[in-house]
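To start, the structure under review is shown below, and the notes come after it.
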Amino acid sequence: MAGTTRTRRRGWVGALSGLLLTGPLSAFLFFGARALETAFPPYVLFEWIAGLLPGPVVTRAIDSMVGVIRALGFEDTAAAAKRIEAAMGVTLYALLCAAIGAGLFVALYRARTPARRNVVLLIGTATLAVLSSVPAAAMGELGTWGALWTLVGSGGFVAVAAFVQQRLHSRHADGGWATVSSADRRRVIIRLAGASAVLTLAGLVLSRRLTQPHTGGGASAGTPWSSTHAPPNADADVQPVAGTRPELTPVSEHYRIDITIRPPAISLEDWRLKIDGRVKSARSFTLAQLQALPVRHEFITLSCISNPVGGDLIGTTRWSGVSLSRVLEEVELLGEATHLRVYAADGFDEVVSLEQVRADPRVMLAWAWDGLPLTPEHGFPLRIYIPDRYGMKQPKWIERIEATPQWQPGYWVRRGWDREAQVRATSVIDVIGPEPVRDASGRLLLPVGGIAFAGTRGIARVEVRVDEGPWMPAQLREPLSEKTWVLWRYEWPFEEGEHTFTVRTVDGQGQPQLEAASSPHPSGATGLHRRRVDA
Ligand SMILES: Nc1nc2c(c(=O)[nH]1)N[C@H]1C(S)=C(S)[C@@H](COP(=O)(O)O)O[C@H]1N2
Ligand SMILES: [Mo]
């Protein structure tokens, strides 16, 4: 009995040491990942597990994450989500390190000879190195240098853990162990914690100073189109209310949603768009070859299906690319091909019907946002646009398009989300009453402003209601294009007190927005946006 208790305590102390050593090990691996341009094990661990989890679990997790982020009032939901994912990756990795530390300590106590001790150290190192590399290997991101770096880090981790284990105990002449005094034990652990903290910090600072996040060829300097051009609706009669979100979202502020913590780093020299499957002969295109085809520029609003009513997972910019139907003229599709399956560098995929591609020249392969090459986060070098669909149907980082004889479910459809993912009509109040005005009769008016979006169906009407009053029509600003959101404004005759504002819209096909509240899963959020003010 005493033996089990002791083993258990040794296991816990080992776990604690492993936990404390996760910091320096992670910093070491982070440095290596940046310097050697390989995967960072804690992140790939998270990405790998998230990809393996059943759809309902992932969906629940995403819903509650977005809920928590909004409840905490973060400015940028997508950025906060990435930070939480990164933290979860490091936490998972810390648990792995704790388990290794526990196993290591228990085994080290059992090893009665120096030779056996060395065997334990070797096995410990190998186990940690292999477990740290499995996710990267499974996701096809394990390079030789990355694997070696991980091995070195694992060796260091095990060596320090073994050193700590020795400090915590002294060996009897007969090969058994005597525990040092609890005051000494505490001192050792505190020193370990302090040294770990310093090493972690130093490692992270060095990583920042000496290395760059590897971004492939997408990090481009240059002048955004919007900083040198007036938008096509510059002369529109209806002007946005001050405080309404910008009609053109700066690319740096555009939400980012995808299945990995770090975007895939793609180098343009190696990149090709491959078109194969049910084609007469497969073809590969360089980006320059695609760019030599007729270019289209389109103002487009993109929304995530996980965007809650009134959320910030929606943005508008100017996309440049080529019609997918035009690209298909360069390859001979076989008669039995009915769909295109689009594969991305991060393991994501989606399917679009050839019927839609052929009927709608707006379906395009895009390489620029706001006049600049796509950033690594937003799909460098190539992404697809499919009108009227949520973002989940529109892969970034495209590498391959396969012509198939049947429809297949894509990444999120396999995980229980809507097959069509058609954008649902939504309207949002961005701002109430920043700059009161007086009308001709001297009445005080408070302007109210926001957006409405219904995919490419357009917006026919937006109406605002104050408390239980009548629905009043808002003025619609001419949109950037039929594919973007519409900015609206309403001038409210001021009345003192607390009021609730509600907005609703009717799309260009006469369909009113769904008023019953529902969460984003599985087909996109519905419900009316409300805002309370104390005027
Ligand atoms: N390769 C790839 N493409 C992807 C995704 C992804 O995870 N991987 N996410 C999709 C989702 S869910 C959305 S909402 C949009 C978001 O595009 P953005 O991050 O550029 O705003 O990308 C889509 N394309
Ligand atoms: Mo999304």
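The values are calculated or read from the model by the stated rules, or taken from the named source; none is laboratory data. If you're wondering where the values come from, they're calculated on a predicted model, not measured in any experiment. Cβ: placed from backbone, ideal geometry, glycine included. Neighbour counts: every protein chain shown. What goes into the accessible areas is simple: the full protein's heavy atoms, side chains included, and nothing from ligands, DNA or RNA. Shrake-Rupley method; radii C 1.70, N 1.55, O 1.52, S 1.80 Å.
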Rounded, prolate or oblate, given the Cα gyration tensor of segment 30-69, with a/c below 1.5 counting as rounded? oblate
Accessible surface of His254 - all protein chains present, 1.4 Å probe, nearest 10 Å²: 10 Å²
The answer for Val279, listing residues at least 5 apart or on another chain whose modeled amide H is closer than 5 Å to its amide H, is Leu334
Phe74 accessible area, assembled protein chains, probe 1.4 Å, Å²: 100 Å²
Per residue, how much accessible surface does segment 234-329 expose to a 1.4 Å probe? Answer in Å², no decimals. 42 Å²
Any chance you could get the radius of gyration and Dmax over the Cα atoms of segment 81-132, in Å? 14.3, 49
Pull out a ≥ b ≥ c, the square roots of the eigenvalues of the alpha-carbon gyration tensor of the chain, then state rounded if a/c is under 1.5, prolate if not and a/b is larger than b/c, and oblate in the remaining case. prolate
How long is the gain from Arg209 to Glu329 if the chain were fully straight, where each residue apart is worth 0.36 nm and the alpha carbon distance is subtracted? 38.4 nm
All other residues with a Cβ under 15 Å from the Cβ of Ala35 taken together, and with Lys, Arg as +1 and Asp, Glu as -1, what is their net charge? +3
Once amide hydrogens are built 1.01 Å from N within the peptide plane, the residues lying 5 or more places from Gly458 or on another chain with amide H under 5 Å from its amide H are Gly508
Dipole magnitude of the chain about its Cα centre, charges +1 at Lys/Arg Cβ and -1 at Asp/Glu Cβ only, in debye to the nearest 20? 3180 debye
If the only charges are +1 at each Lys and Arg Cβ and -1 at each Asp and Glu Cβ, what is the size of the charge dipole of segment 240-291 around the Cα centre, to the nearest 20 debye? 320 debye
Charge dipole of the chain built from unit charges on the beta carbon (Lys, Arg +1; Asp, Glu -1), centred at mean Cα; most positive-end Cα among Pro232, Gly335, Phe40 is Phe40
Over all distinct alpha-carbon pairs, what is the Kirkwood Rh of segment 237-353 in angstrom? 17.4 Å
Determine the dipole magnitude for segment 64-191: charges of +1 sit on the beta-carbon of Lys and Arg, -1 on that of Asp and Glu, nothing else is charged, the reference point is the Cα centre, and the result goes in debye to the nearest 20. 680 debye
Each residue of segment 251-260 in order: what ³J(HN,Hα) in whole Hz does its phi give by Karplus 6.51 cos²θ - 1.76 cosθ + 1.60, θ = phi - 60°, with x for Gly and Pro? 4, 5, 9, 5, 4, 10, 9, 6, 8, 10
Whole-Hz ³J(HN,Hα) from phi, Karplus 6.51 cos²θ - 1.76 cosθ + 1.60, for segment 184-189, glycine and proline x: 5, 4, 4, 4, 4, 5
Suppose each label sits 7 Å from its Cα in the direction of the beta carbon; what would the Leu52-Thr113 distance come out to in nanometres? 3.7 nm
For Thr301, which sequence-distant residues (separation of 5 or more, or a different chain) have an amide H within less than 5 Å of its own amide H, given hydrogens modelled in the peptide plane? Thr484, Trp485
Which of Trp177, Leu25, Thr317 sits closest to the plus end of the dipole of the chain, meaning its Cα is farthest towards the positive end, when Lys and Arg get +1 and Asp and Glu get -1 on the C-beta? Trp177
Karplus couplings for segment 347-362 from phi (6.51 cos²θ - 1.76 cosθ + 1.60, θ = phi - 60°), rounded to Hz, Gly and Pro as x? x, 7, 8, 8, 10, 10, 7, 5, 4, 5, 4, 6, 7, 10, x, 6
Charge-dipole axis of the chain as Lys and Arg at +1 and Asp and Glu at -1 on Cβ define it, positive-most pick from Ser519, Leu365, Val198: Val198
For segment 1-149, report the accessible area per residue in Å² (1.4 Å probe, heavy atoms, rounded to an integer). 50 Å²
What accessible surface, in Å², does a 1.4 Å probe find on Glu496, ignoring ligands, DNA and RNA and rounding to the nearest 10? 150 Å²
Just to confirm my numbers, what's the Cα centroid distance between segment 175-200 and segment 465-535 in Å? 61 Å
Largest to smallest accessible area among His529, His229 [probe 1.4 Å]: His229, His529
Out of all Cα-Cα pairs in segment 120-209, roughly what percent, to the nearest whole number, are more than 20 Å apart? 55 percent
Please report, as a whole percent, how much of the solvent-accessible surface of the chain comes from carbon and sulfur atoms (probe radius 1.4 Å). 57 percent
Taking only pairs that are 8 or more places apart or on different chains, how many Lys pairs in the chain have Cα atoms under 28 angstrom apart? 9
What 222 nm value per residue comes from the helices of the chain, counting each DSSP H run with n ≥ 4 as -39,500 (n - 2.57) and dividing by all residues, nearest 500 deg cm²/dmol? -12500 deg cm²/dmol
Placing one equal point scatterer on each C-alpha of segment 277-321 and summing with Debye, one gets log10 I(q)/I(0) at q = 0.16, 0.24, 0.28 Å⁻¹ equal to -0.70, -0.86, -0.97
Quick check: the distance between the Cα centres of segment 63-98 and segment 5-58, to the nearest angstrom? 15 Å
Around Ala138: net Lys/Arg minus Asp/Glu count, Cβ-Cβ under 15 Å: -3
Gyration tensor (alpha-carbon) shape descriptor, segment 317-442, a/c threshold 1.5: prolate
